[in-house]
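Colleague: Below is a structure I'd like to ask you about.
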Amino acid sequence: MSFDPAAIRREFPTLDQTVNGKPLVYLDSAATSQKPRAVIDALRAYYERDNANVHRGIHELSRRATVAYEEARGKVAGWINAPEPSEIIWTRGTTEAINLVATSWGLDNLKEGDEILLTVMEHHSNLVPWQIVAGRTGAKLKYIELDEQGRLVLDDLGSLLTTRTKLVAVSHVSNALGTINPVKRITEAAHAVGAVVLVDGAQGAVHTKVDVQDLGADFYAFSGHKMCGPTGIGALWARKDLLEAMTPYQGGGEMIQFVHRDHSTWAEVPHKFEAGTPNIAGAIGMGAAVDFLAELGMDAVAAHERDVLTYAMERLAAFDGMNIYGPTDLSERSAVVSFTLGDAHPHDISTILDSEGVAVRAGHHCAQLVMQHFGVAATARASFYLYNTKDDVDRLVKALDVVRSIFG
Ligand SMILES: Cc1ncc(COP(=O)(O)O)c(C=O)c1O
């Protein structure tokens, strides 16, 4: 399929509907993306034809389910250029992947006096697990600050990183601001002091092709539902040697080699971290999402999104009373525009836009430290994806006129 925005849009059935009597404009993909027919069809085909548990049954359906499930692991590994499919652990999403690392790696490796370096930009799912593990181990939390454009202040990275720093956790792309972080620079500096780096890729593996080896990451976490896949599925990639040394996150079926009365031994990686019946359909659906995006070509997707973002920034910046957060240099910004408008509360903005058929997010975006940094309780956020067009931006601006007519 070549990159034809109108044709791509037709692949997403949810986009073809009216909301409050107006054609839907969906600008909340940073929260979750819509799903193309290819993904919906893959889920249906699995449940209609191949449904069985994986790795257990010696029968045809189980064989088919296992092959499809493991093939999907390979596709997801390829998507981020992981050296081996076995380094991909299926999780419920980014949140569970980070909790896995915080609990398993964190409890094995952190002790009093150690330091965890986070950033003020992080989504709560890359903050709270580290606060919990710091509380349990006595490790100390430190933060990389933000500048006035919501970019990481890296001038003092050298002094923030010490021989006590054991882990750096940083988002690839900010969900609240769209800031694209210079992850490679951070991994190089972290490795120089012997720290490992977890990258929260929830907004990263979505818009561009990611290369975890080039980034120098040690852990990379991402979610299927933000990249055209189903909800309830995501992946943790980690270096094999780290995974092999880590204590399993959960115990149960599928993750053992032998069970004795007083102890058990573990299955090989990745199964050691996949206790219980996994989200088989979800994994297959995430594999289908990877196929869908790969066929379009991420360079074309990224170029289209850049086009729409550039147009959105121009039109929104020209809007009276508009305050846009995040980098002004669009090469540092993903397809997210977080804004406030005069005195209008972001929830009111979102409600009025919804009445015009335009779906945006309003709130703290699970990034309260970002809100505190900018001294606001909330922002409205329009986030764009491959199926959005400049017409959608025009509809957003037109709906904002309605907000202005009410709030002055
Ligand atoms: C940057 C970032 N990290 C983590 C998450 C959590 O992802 P999930 O809810 O899929 O686990 C999100 C979701 O919005 C996010 O945007």
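The numbers here are math on the coordinates, done by the rules we state, and not lab data. Just so you know, these numbers come straight off a predicted model, no measurement behind them. With ideal geometry, Cβ positions are generated from the backbone for all residues, glycine too; neighbour counts draw on all protein chains shown.
Colleague: At q = 0.14, 0.17, 0.20 Å⁻¹, work out log10 I(q)/I(0) for region 10-164 with the Debye formula, treating every Cα as an identical point scatterer and leaving solvent out; two decimals please.
Modeller: Calculated log10 I(q)/I(0) at the listed q: -1.01, -1.13, -1.25.
Colleague: Taking the chain as a Gaussian network, Cα atoms linked when under 10 Å apart, which of Glu87, Glu112, Glu305 shows the biggest mean-square fluctuation?
Modeller: In this elastic network of the chain, the residue with the biggest mean-square fluctuation among Glu87, Glu112, Glu305 is Glu112.
Colleague: Tell me the label-point distance for the pair Asp16, Tyr47, using the 7 Å Cα-to-Cβ offset, in nm and rounded to one decimal.
Modeller: Simple spin-label model gives 2.0 nm for this pair.
Colleague: Can you tell me what percent of all Cα-Cα pairs in region 220-327 are more than 20 Å apart?
Modeller: Details: 3582 of 5778 pairs.
Everything past 20 Å amounts to 62 percent.
Colleague: Now for a different question. Just to be sure I understand the model, the point goes 7 Å from the Cα along the line to the Cβ. What's the resulting Arg63 to Ser264 distance in nm?
Modeller: 2.8
Colleague: With label points built 7 Å along Cα→Cβ from the Cα atoms of Ala245 and Arg404, find their separation and express it in nm.
Modeller: With each label point 7 Å from Cα toward Cβ, the separation is 5.8 nm.
Colleague: Over 18 Å between C-alpha atoms is what I'm after, so list which of Lys140/Lys240; Lys226/Lys390; Lys111/Lys142; Lys209/Lys272; Lys142/Lys209; Lys75/Lys209 land there. Show your work: numbers first, answer last.
Modeller: Working: Lys140/Lys240 27 Å; Lys226/Lys390 21 Å; Lys111/Lys142 15 Å; Lys209/Lys272 28 Å; Lys142/Lys209 30 Å; Lys75/Lys209 13 Å.
In this structure, Lys140/Lys240; Lys226/Lys390; Lys209/Lys272; Lys142/Lys209 lie more than 18 Å apart at Cα.
Colleague: Pop out the Kirkwood hydrodynamic radius of region 142-250 from its pairwise C-alpha distances, inverse of mean 1/r, in Å to one decimal.
Modeller: Numbers: mean 1/r = 0.0673 Å⁻¹.
Result for region 142-250 stands at 14.9 Å.
Colleague: Hey, fewest Cβ within 10 Å first, where do Thr119, Thr103, Thr14 land in order?
Modeller: On the way: Thr119 26, Thr103 19, Thr14 12.
Arranged by neighbour count, lowest to highest, Thr119, Thr103, Thr14 become Thr14, Thr103, Thr119.
Colleague: Where in the chain are the DSSP H helices whose C-alpha atoms run 18 Å or more along the long axis and whose mean Kyte hydropathy is at least 0.5? It would help to have the intermediate numbers written out before the result.
Modeller: Working: long enough: 60-79 (28 Å, -0.65); 280-296 (25 Å, 1.55); 298-317 (27 Å, 0.03); 390-407 (25 Å, 0.11).
Span-like helices here: 280-296.
Colleague: On the principal axes of its Cα set, how long, how wide and how thick is region 77-181? Give whole Å, largest value first.
Modeller: If we take the Cα atoms of region 77-181, the spans are 38, 34, 23 Å.
Colleague: Can you check how the C-alpha radius of gyration of the chain compares to 2.2 N^0.38 Å, as a plain ratio?
Modeller: Details: Rg = 21.8 Å, N = 408, 2.2 N^0.38 = 21.6 Å.
That ratio works out to 1.01.
Colleague: Shape of region 325-408 from its Cα gyration tensor (a ≥ b ≥ c, root eigenvalues): rounded if a/c is under 1.5, otherwise prolate when a/b > b/c, or oblate?
Modeller: Numbers: a/c = 1.82, a/b = 1.10, b/c = 1.65.
Oblate shape, in that a/c is at least 1.5 and b/c is the bigger or equal ratio.
Colleague: Which of His207, His172 comes first, and how do the rest follow, when ranked by fewest Cβ neighbours within 10 Å? Let's see the in-between values first.
Modeller: Values: His207 28, His172 25.
Lowest count first: His172, His207.
Colleague: Going by C-beta contacts inside 10 Å, put Leu152, Leu157, Leu236 in order with the fewest on the left.
Modeller: Details: Leu152 21, Leu157 16, Leu236 28.
Ranked by crowding around the Cβ, least crowded first: Leu157, Leu152, Leu236.
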